[in-house]
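What follows is a single structure, written as structure tokens, with notes after it.
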Amino acid sequence: MTTKPLTLAEKVWNDHLVAKGSNGTPDLLYIDLHLVHEVTSPQAFDGLRLAGRPVRRPDLTIATEDHNTPTWDIDKPIADPTSRTQIEALRNNAKEFGIRIHSLGDAEQGIVHVVGPQLGLTMPGITVVCGDSHTSTHGAFGALAMGIGTSEVEHVLATQTLPLKQFKTMAINVEGTLRPGVTAKDIILAVIAKIGTGGGQGYVLEYRGSAIRSLSMEARMTICNMSIEAGARAGMVAPDEITFNYLKGRPHAPVGADWDAAVEYWKTLPTDDGATFDAEVFLDANTLDPFVTWGTNPGQGVSLLDSVPNPADISDPNEKAAAERALEYMDLKPGTKMKDIRVDTVFLGSCTNSRIEDLRAAAAVIEGKKKADGLRFMVVPGSARVRLQAEAEGLDKIFKDFGAEWRFAGCSMCLGMNPDQLAPGERAASTSNRNFEGRQGKGARTHLVSPLVAAATAIRGTLSSPADLIAESNQEVN
Amino acid sequence: MEKFEVFTGVAVPLRRSNVDTDQIIPAVYLKRITKTGFEDALFSAWRNDPEFVLNQEPYKNGQVLVAGPDFGTGSSREHAVWALRDYGFKAVFASKFADIFRGNSGKQGLVTGVITDEDTEKLWAAIEANPGSSITVNLVEQTASIGDLVVHFDIDEYTKWRLLEGLDDIGLTLRDEQAITDFEAKRGAWMPKTLPARN
Ligand code: SF4
């Protein structure tokens with residue numbers, strides 16, 4: 001008997017079916033790993049308390065503090081009462097329900113999507129949920145990972161399962177070799193610009209092709225992280241040797257015979273030859289430039305070599321109106337060269353780009369250079385562990401010598417729930433994932449960029465890539 | 001969620017239509033971190049008014065609300081149901097409800113019974129003729145009765161079944177608990193465990 005060829009997403013789905021739905025009722029899926037943070041969990045725990053239910057599997061659950069945590073003076077009490085209350089609630093809930101928690105000051109504290117992979121808890125072939133839309137990050141390992149709402153958080157805490165309707169599948173094929181200075185962030189920004197912020201709705205995306213295969217795990221996480229910005233609840237990359245090498249030896253990675261059994265299983269996960277996707281998208285990596293956004297959603301992006309588009313050239317009336325609104329909010333004129341846009345602040349951080357490779361890449365660009373006058377450069381490692389590692393490698397010194405603020409770990413300016421916010425009208429180049437109106441502060445203007453573009457921009461003061469620095473120094477020599 | 005079959009409690013006439021979720025509970029209360037303790041927030045804008053029905057002695061401990069049409073319109077906030085529940089309400093009757101509010105109610109054990117406009121008037125009259133009187137809600141028979149007055153209410157079969165069985169979403173899933181336990185027994189030994197912590 002031959003079995004039907006399956007995609008990666010279908011395999012993981014099928015292997016987690018507790019009960020198959022019928023007549024329109026959803027499937028019941030087992031959840032292997034539940035990540036918890038302070039913002040979306042308090043009511044879920046309270047619901048449990050109200051119903052007198054325990055957490056079914058504290059051993060599959062882990063909590064950390066990230067959204068509200070300050071990145072300065074972390075030894076002082078948190079000033080904002082709402083933030084403080086949420087964090088205290090998480091600590092009390094973790095204690096009451098027996099859940100492992102990494103609090104501010106702990107070496108494993110940090111953005112929930114940085115902490116899971118770093119501890120080796122995120123693995124291929126598992127299901128991961130968290131009350132946060134960027135849970136898609138964990139799909140980089142070949143896990144089925146998605147964000148959930150607070151009622152679902154309660155459901156998973158109580159039952160370790162989730163009723164779900166099966167998704168459609170979409171292949172994102174990225175073939176070729178990235179040119180120097182072009183990164184995973186540019187790939188995903190280009191993908192979103194291509195399919196739109198709603199293009200992935202109802203799908204699980206699978207990123208495939210030679211360009212994806214050659215990426216490091218951290219780069220794959222950057223790509224999967226932003227799947228939700230294309231409207232997809234989950235994005236995945238098939239596990240391979242790069243995945244296994246990243247995992248091996250991490251604190252919670254399997255060891256001995258368990259490791260061998262795991263790898264054997266993980267090798268069966270990649271999409272079968274002949275499996276069909278419900279939709280396919282193609283992107284040429286060879287011709288890709290650094291990508292930046294000009295508007296107020298992550299799909300409003302162009303090559304850094306391009307100019308701010310003219311809404312008059314957009315045929316779709318809704319998109320045209322959105323572009324007009326965006327340009328007004330961003331205070332940009334059509335035709336302005338992206339490279340001429342001057343920024344006030346550069347933010348290097350968030351679950352998209354705050355891992356050690358991101359910090360290394362940015363540090364390599366700025367080392368020995370001078371920061372643009374008057375520009376503020378904030379560097380916020382994704383986790384306390386990343387911060388420690390960066391300090392061990394001397395990266396903190398490079399950033400500080402350059403004039404950057406070397407901060408403690410957390411979400412920080414990605415969403416400005418803590419004091420790290422932009423002032424009204426302030427313009428930032430940010431390595432985060434959302435350029436929505438007011439996201440980084442009321443009236444704040446955000447351009448999404450890669451860590452390399454962030455670093456080059458911090459030197460030149462205008463949106464730039466490392467290539468511009470080389471061009472500049474050649475001119476000086478001539 | 002507790003099972004609901006027959007319940008008797010103080011009836012409250014709310015002679016208003018289009019009571020939206022902002023009136024049931026304003027947005028300022030949504031910042032809270034609990035799922036309980038919303039009793040003070042219920043109808044908070046109206047609670048300052050001594051004339052408001054819940055401020056009148058016989059209705060203070062109301063448990064069954066009889067309201068005008070289009071109850072619960074507006075936002076999807078579950079807090080509206082929590083506020084009613086925390087105040088002590090077990091059932092709401094109206095001739096029309098907003099869909100999301102009805103859905104949320106069913107999940108939290110609050111009965112929302114649809115009655116005719118005529119019956120609404122009859123119930124109001126009966127309650128006001130004898131303030132503080134009890135109403136008996138019989139979910140099995142789908143009736144609400146005050147003394148000799150018996151009115152029929154509608155509720156969809158699925159919600160009725162869930163309320164009778166005392167099943168919220170989680171309770172429903174836990175009916176498959178054996179399947180969950182069986183599934184857990186087959187999980188690979190390599191699967192991640194957060195405990196004990198290994199840093
Ligand atoms: S870093 Fe930003 S996107 Fe990521 S979890 Fe925190 S707030 Fe959400």
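Restricting to the protein assembly as shown, compute how many DSSP beta bridges are antiparallel as a %, nearest 5. Counting only bridges with both partners in the protein assembly as shown, antiparallel ones make up about 30 percent.
The orientation-averaged projected area of the convex hull spanned by the Cα atoms of region B:6-116 comes to 6.5 nm².
The share of accessible area on chain A that comes from carbon and sulfur is 51 percent, using a 1.4 angstrom probe. Its Kirkwood hydrodynamic radius, worked out from the mean inverse distance over all distinct Cα pairs, puts region A:258-342 at 16.4 Å. The angle between the Cα long axis of helix A:256-266 and the longest principal axis of the Cα atoms of chain A comes to about 70 degrees, rounded to the nearest 10. Distance distribution P(r), region A:125-264, all Cα-Cα pairs, bin width 10 angstrom from 0: 12, 40, 32, 15, 1 percent.
When the alpha carbon gyration tensor of chain B is reduced to an equivalent ellipsoid, its three semi-axes come out at 36, 21, 14 angstrom, largest first. Treating r as the C-beta distance of residue B:136 and residue A:397 and R0 as 60 Å, the FRET efficiency rounds to 0.20.
Taking Cβ atoms as reference points and 10 Å as the exclusive limit, the residues near residue A:405 contribute a net charge of +2, counting Lys and Arg as +1 and Asp and Glu as -1.
For residue A:246, the shell of other residues with beta-carbons less than 12 Å away shows a net charge of 0, using +1 for Lys and Arg and -1 for Asp and Glu. Nonpolar atom fraction for chain B, defined as the carbon and sulfur part of the 1.4 Å probe accessible area, stands at 47 percent. Peptide B:181-188 shows a mean partner chain C-beta count of 4 within 10 Å per residue C-beta.
Plainly put, region A:1-89 has a radius of gyration that is 1.16 times its Kirkwood radius, both from alpha-carbon atoms, as the Rg/Rh ratio.
Computed over region A:211-366, the quotient of the alpha carbon radius of gyration and 2.2 N^0.38 Å is 1.34.
Accessible area drop of at least 20 Å² (1.4 Å probe, protein heavy atoms): which residues of region A:23-50 qualify, relative to the chain alone? The answer is A:28, A:30, A:32, A:42, A:43, A:46, A:50. Over region A:419-478, Cα pairs under 8 Å with separation of 6+ residues give a relative contact order of 26 percent. Expressed per residue, the C-alpha convex hull volume of region A:349-478 stands at 95 Å³. Remark: chain B carries 46 Å² of accessible area per residue (probe radius 1.4 Å; ligands, DNA and RNA excluded).
Pairs over the 23 Å Cα-Cα cut-off, from the set B:3/B:107; A:165/B:193; A:194/A:337; A:185/A:339; A:4/B:193: A:165/B:193; A:4/B:193. Amide hydrogen proximity for residue A:18: with H placed 1.01 Å from N in the peptide plane, the residues at 5 or more positions away or on another chain lying under 5 Å are A:28, A:29, A:30. Between residue A:91 and residue A:165, residue separation times 0.36 nm minus the direct Cα-Cα distance comes to 23.3 nm. Between residue A:179 and residue A:257, the modelled label-to-label distance comes to 5.4 nm, taking each label 7 Å out from Cα in the direction of the beta carbon. Using a simple spin-label model with pseudo-atoms 7 Å out from Cα toward Cβ, residue B:30 and residue A:333 lie 4.0 nm apart.
Diffusion coefficient (Stokes-Einstein, Kirkwood radius over C-alpha pairs, 20 °C, 1.002 mPa s) for the protein assembly as shown: 79 µm²/s, rounded to a whole number. Neighbours of residue A:37, meaning other residues whose beta-carbon lies under 10 angstrom from its beta-carbon, give a summed charge of -4 when Lys and Arg score +1 and Asp and Glu score -1. Fraction of C-alpha pairs exceeding 13 angstrom in region A:75-116: 61 percent, rounded to a whole number. Against chain A, whose longest principal axis is taken from its Cα atoms, helix A:317-330 shows a tilt of about 60°. Buried surface between chains B and A: roughly 3600 Å² of accessible area, summed over both sides, computed with a 1.4 Å probe on protein heavy atoms only.
The values are calculated or read from the model by the stated rules, or taken from the named source; none is laboratory data. Since the model is a prediction, treat every value here as computed from it, not as a measurement. Positions of Cβ are generated from backbone atoms using ideal geometry, with glycine treated the same way; all protein chains shown enter the neighbour counts. For the accessible areas, the whole protein counts, side chains as well, though only heavy atoms, and no ligand, DNA or RNA atoms are used. Shrake-Rupley method; radii C 1.70, N 1.55, O 1.52, S 1.80 Å.
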